[in-house]
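Working notes for the structure below.
The values are calculated or read from the model by the stated rules, or taken from the named source; none is laboratory data. Being a predicted model, the structure only gives us computed values, none of them experimental. Here the Cβ is made from the backbone with ideal geometry for all residues, glycine too, and neighbour counts use every protein chain on show.
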Amino acid sequence: MDLDSLHRIGRIGKPWGHQGELTLHLDDIDLDELVHAGSFFVDIEGQKVPFAFSRLFEKGSETLVKFDDFNDPQSAQIIVGRDLYAPPGLLADGSDESWDPEEFIDMLVRDEEHGELGIVTAIEGTTKNPLLVVLKGEHEVLVPITDEMILQG
């Protein structure tokens, strides 16, 4: 495993509560992409050390993590202020966005069952749930952009 190629996703903030939870200051990363990771790497004096977590959640405006190794704020203090890295393979190309949805404009969309649907004319929705706007004849069809829905070829 090449630990030098891990993708930095944020920084560890101050302890929160009495059970060793820590606040996280995440870069522009969707929490849903991280919640099932099970572990993060923390930079300790140039070494990326893995830490398993049992909970990753939002509490008000804060993002909190409960690492398995820490059960009180004093023990968690050792990693406060350190850089946080995603586990290998979590973010496909080492970034939080592997493609720009705008690249789909003017592409032809084909469906496995129905053949050609039309040309992508715009992108709508949110950054979490982008939708292709496909012009099929005189009608617009909205198609979600997900890895499961997009085939190469």
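The table for this structure:
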{"read-out": "Failed criterion for G81 (all others in (1) surrounded by 14 or more Cβ atoms within 10 Å (Cβ to Cβ); (2) in contact (Cβ under 8 Å) with a residue 60 or more places away in the chain hold)", "value": "(1)"}
{"read-out": "Filter result (under 30 Å from I29 (Cα atoms) and surrounded by 14 or more Cβ atoms within 10 Å (Cβ to Cβ)) within region 123-142", "value": "I123, G125, P130, L131, L132, V133, V134, V141"}
{"read-out": "Selection count, region 1-17, where residues are assigned to a loop (DSSP other than H, G, I, E, B) and within 19 Å of Q74 (Cα to Cα)", "value": "1"}
{"read-out": "Any pair with Cβ under 8 angstrom, 6 or more apart, that starts in region 131-149 at a residue that is farther than 17 Å from E113 by Cα and ends at one that is modelled with pLDDT under 90 and assigned to a loop (DSSP other than H, G, I, E, B)", "value": "L131/I145; L132/I145"}
{"read-out": "Residues being modelled with pLDDT of 85 or more and either in contact with an Asp or Glu (Cβ under 8 Å, 6 or more places away or on another chain) or not in a loop (DSSP other than H, G, I, E, B) (or both) - total across region 78-93", "value": "6"}
